[in-house]
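Okay, so here's the structure we're looking at.
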Ligand code: SAH
């Protein structure tokens, strides 16, 4: 097996189970290596540190095992089984009012480069590393064996998530079973998920608990859901008894999905209205119409070098919300950008509050749900940050 030798002192993160080897930490590579190969990583005194997938780029190796084991079917089966057992322990398997959850959360499940979301019988797999993509057949077999009769289909959604220069030809498509009607249940609410054409794996499973919380603040309120996508927050606001709900998303497709999901859950949809417009434009002039505002923008910053620009984006939308929300209003504000830390986010929301001159209190500090478990040694897995604020 090809070996990767680290520079002196660069073994520390791996000794603490951080699963990434950056290109700058590597002293030399002994042997031939292709993208996706399993390589063994050693410190500069040739002590074994871990086995991982090699890939060209800043993250050169993603560790899949910190012990010297054979990477075979048993290895992958064991990992998938562990992820499943944990979901069972969390109460997601056969839950009465929920059949959508994340089954594998990459580094959070010690499976860097792999995401699997479960949608009422269909597992949507998304590969983010070449090595994981090459392990696909074994992973599919492991999924089938683990989920058994709970599994009706597997869809691979990796066409856009793998490095385009790698010598692989990812194609979206069914690896097992076939298309279903795509209707799932989340806390008793129905959602139509289009994993074939939708964003990410089709649904933002990670906002489940936060959407549920919104229902508690919605009774008789006027609610604005900005960056609504499938209308998740809007459905919960409707269920919570809001008197008026407005959903905003720049994508026409997203707005269509929102309208469908509202209609799927409520016979009378007259309390809901949707707008396919740009959020920055919409927020310019909302006056003091809304008691509750939800801001759940896409990851404005995907890379560290655009962090500053992203923070400006968060500042702009939050300032607009603070300036115009009704006195006594509630703002749900989020960032799902991995490179924006909890502190960065809180500081930027603080700045926006200060610019508006309103008195603001933090009621809830939100994060991702348990099926998006955070690997304590990999702080980057904590990507979703949210604040629920009371604005005087
Ligand atoms: N809140 C959603 C997830 C939001 S994802 C949920 O609970 O499922 C972010 C959404 O923002 C996407 O649907 C995207 O189409 C939309 N979006 C991106 N840029 C936008 C802009 N400038 N104005 C309005 N919507 C935008």
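So which residues in the stretch 281-294 are in a helix (DSSP H, G or I) and surrounded by 14 or more Cβ atoms within 10 Å (Cβ to Cβ), if there are any at all?
Scanning the stretch 281-294 gives 282, 283.
Identify all residues within the stretch 148-169 that are touching a strand residue (DSSP E or B) at 6+ places or on another chain (Cβ under 7 Å) and touching a residue at least 40 places away in the same chain (Cβ under 8 Å); write none if there are none.
Selection gives 155, 157.
Mind listing whichever residues of the stretch 278-288 are in contact with a strand residue (DSSP E or B) (Cβ under 9 Å, 6 or more places away or on another chain) and within 13 Å of the ligand (Cβ to nearest atom)?
Those that are in contact with a strand residue (DSSP E or B) (Cβ under 9 Å, 6 or more places away or on another chain) and within 13 Å of the ligand (Cβ to nearest atom): 278, 279, 282, 283.
Considering only residues of the stretch 48-81 that are in a helix (DSSP H, G or I) and in contact (Cβ under 8 Å) with a residue 12 or more places away in the chain, which is surrounded by the fewest Cβ atoms within 10 Å (Cβ to Cβ)?
81
Yes or no: residue 359 modelled with pLDDT of 95 or more and surrounded by fewer than 19 Cβ atoms within 10 Å (Cβ to Cβ)?
yes
Anything in the stretch 303-322 that is away from the ligand (no atom under 13 Å from the Cβ) and modelled with pLDDT under 95? List them, or say none.
303, 304, 305, 306, 307, 308, 309, 311, 312
Quick test of your reading of the structure: residue 347 fulfils all but one of (1) without any contact (Cβ under 8 Å) to a residue 24 or more places away in the chain; (2) more than 30 Å from residue 16 (Cα to Cα). Name the failing condition by number.
(2)
Surrounded by 14 or more Cβ atoms within 10 Å (Cβ to Cβ), assigned by TED's automatic domain parsing to the domain that holds residue 134 and assigned to a loop (DSSP other than H, G, I, E, B): which single residue out of 84, 92 fits that description?
Exactly one of 84, 92 is surrounded by 14 or more Cβ atoms within 10 Å (Cβ to Cβ), assigned by TED's automatic domain parsing to the domain that holds residue 134 and assigned to a loop (DSSP other than H, G, I, E, B), namely 92.
Find the residue count for the stretch 330-352, including only residues that are crowded, with 21+ Cβ neighbours inside 10 Å, in contact with a strand residue (DSSP E or B) (Cβ under 7 Å, 6 or more places away or on another chain) and in a helix (DSSP H, G or I).
Adding up the residues that qualify gives 1.
Within the stretch 111-153, how many residues turn out to be assigned to a strand (DSSP E or B) and under 19 Å from the mean Cα position of the chain (by Cα)? Give the derivation first.
Our first condition is that a residue be assigned to a strand (DSSP E or B); within the stretch 111-153, this holds for 114-119, 122-127, 153.
This time we only want the ones that are under 19 Å from the mean Cα position of the chain (by Cα), so: 114-119, 122-127.
Total satisfying the criteria: 12.
For the condition under 26 Å from residue 201 (Cα atoms) and touching a strand residue (DSSP E or B) at 6+ places or on another chain (Cβ under 8 Å), what is the one hit in 93, 116, 56, 26?
Details: 93 fails: touching a strand residue (DSSP E or B) at 6+ places or on another chain (Cβ under 8 Å); 56 fails: touching a strand residue (DSSP E or B) at 6+ places or on another chain (Cβ under 8 Å); 26 fails: under 26 Å from residue 201 (Cα atoms).
From the options 93, 116, 56, 26, the qualifying one is 116.
Of these, 327, 297, which one is assigned to a loop (DSSP other than H, G, I, E, B), at pLDDT 95 or above and either within 16 Å of the ligand (Cβ to nearest atom) or on the phi > 0 side of the Ramachandran plot (or both)?
Going through 327, 297 in turn, just one is assigned to a loop (DSSP other than H, G, I, E, B), at pLDDT 95 or above and either within 16 Å of the ligand (Cβ to nearest atom) or on the phi > 0 side of the Ramachandran plot (or both): 297.
So, in the stretch 235-256, how many residues would count as being touching a residue at least 40 places away in the same chain (Cβ under 8 Å), surrounded by 24 or more Cβ atoms within 10 Å (Cβ to Cβ) and in contact with a strand residue (DSSP E or B) (Cβ under 6 Å, 6 or more places away or on another chain)?
Count: 3.
Find the residue count for the stretch 96-110, including only residues that are farther than 30 Å from residue 54 by Cα and either modelled with pLDDT of 95 or more or not in a loop (DSSP other than H, G, I, E, B) (or both).
4
Do any strands (runs of 3 or more DSSP E) entirely within the stretch 189-277 hold 1 or more residues that are away from the ligand (no atom under 13 Å from the Cβ) and either in the same structural domain as residue 293 (by TED's automatic domain parsing) or closer than 26 Å to residue 127 by Cβ (or both), and if so, which?
Answer list for the stretch 189-277: 222-226, 244-248, 272-275.
For (1) under 21 Å from residue 208 (Cβ atoms); (2) modelled with pLDDT under 95, each residue gets a yes or a no:
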| residue | (1), (2) |
| --- | --- |
| 140 | no, no |
| 144 | no, no |
| 166 | no, yes |
| 173 | no, no |
| 177 | no, no |
| 184 | yes, no |
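The values are calculated or read from the model by the stated rules, or taken from the named source; none is laboratory data. Nothing here was measured: the structure is a model prediction, and the numbers come from that model. A quick note on method: Cβ atoms are made from the backbone with ideal geometry, for glycine too, and the neighbour counts reach across all protein chains shown.
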